[in-house]
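Worksheet: the structure to be examined is printed underneath.
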Amino acid sequence: MTRVSSGSEPLAEECRTLEEPPAEEPRNPELVIITGMSGAGRSQAIHTFEDLGYFCIDNLPPTFIGQIIDLTRLPGSRIRRIAVVCDVRAKEFFEQLSGELYRLEESGIPFHMLFLEADDEVLVRRFKETRRRHPLCEEGDSIVDGIRWERQALASIRLRADLIIDTSKLKPAELSSAIRERFFTGGLAKVLAVTVVSFGFKYGLPTDADIVMDVRFLPNPYYDKDLREHTGLDEPVKRFVLERKETVKFLEKWFALLETLAPSYLAEGKTHLILALGCTGGMHRSIVLAEETARFLSGQGFRVAVSHRDITRDREDR
């Protein structure tokens, strides 16, 4: 059932998902383990996975990986993707990472390991720029000493990584792009959430919309006395709007535009896109076309929610 709003509630409270996911049997989540050299971009990597909808934990002692997996199997858990950072900051716990990886394999739990590295000169410069201490440096040790010891400690783990990225020449945005391309090729639509909002121009524009489409060029059902008290969710109004030649032509062009724009937004790092379609009062035309837009995007594999901000406002005002 569609949730309606007076317009004063936060957007997240107004949305409904286009399709409720069916109940699923407990299963293993997608697991990504991020490790590598200090200063090579682990923080940027975990932020990227967080933006992509992963449940993320930074600086996790390896011994807790199995417990995290168990938590996702509990009844009612909706965690399906996990990314964790395990690195030498965990000190003696990090030595247990190899053993945990073997246990995951023996239990049949699939995982990916992302290893980040960079040239020594680059790492030294980054530590100096941030004025942070290398985690392996003791009193009197140099940054170079810490880097050398870390490379030695990570040598065996690096051999087990299925993806190694050298960040020496990468900017943070370029690292994020590299992660999205290598982990999500062929399934990018699943990580972009789209909210489709209908609204009435007479009540103001949605302030958080990324794209606003004005559909007031279409004939208005409001002027048909038999349709006035109906909304765009009712069949008579749907037929009135969708059977127009103007609507058919508009939807063809609109859908073609969305096919181009949505992947491009995702390629630039955007993970939540808000589309707003507006008519005069937000009760008829914009609702019909918002529903059609959501249906189209859902069919393309995107995660879609729908919000009809002003569906009752005209009726209440009268």
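Miscellaneous remarks
- Taking the average, over residues, of other Cβ atoms within 10 Å as the packing measure, peptides 98-106, 44-52 rank 44-52, 98-106 from highest down.
- The range 105-115 - phi-based ³J(HN,Hα) in whole Hz, Karplus 6.51/-1.76/1.60, Gly and Pro as x: 5, 5, 8, x, 8, x, 7, 10, 10, 9, 10
- Averaged over residues, the count of other Cβ atoms within 10 Å places the peptides 110-120, 162-172 in the sequence 110-120, 162-172, highest first.
- Cα centroid separation, the range 224-300 to the range 35-64 (Å): 38 Å
- Check: the range 189-317 dipole with +1 on Lys, Arg Cβ and -1 on Asp, Glu Cβ, in debye: 160 debye
- Listed residues 114, 183, 84: farthest to the positive end of the dipole of the range 30-185 (Cβ charges): 183
- The range 189-317 shape via C-alpha gyration tensor axes, a/c threshold 1.5: prolate
- Phi-based couplings in Hz for the range 63-70 (Karplus 6.51, -1.76, 1.60; Gly and Pro marked x): 5, 8, 4, x, 5, 5, 4, 4
Each value in this text was obtained by applying a stated rule to the coordinates, not by laboratory testing. Quick caveat: nothing in here was measured; it's all calculated off a predicted structure. Reconstructed Cβ throughout: ideal geometry from the backbone, glycine too, with neighbour counts over all protein chains shown.
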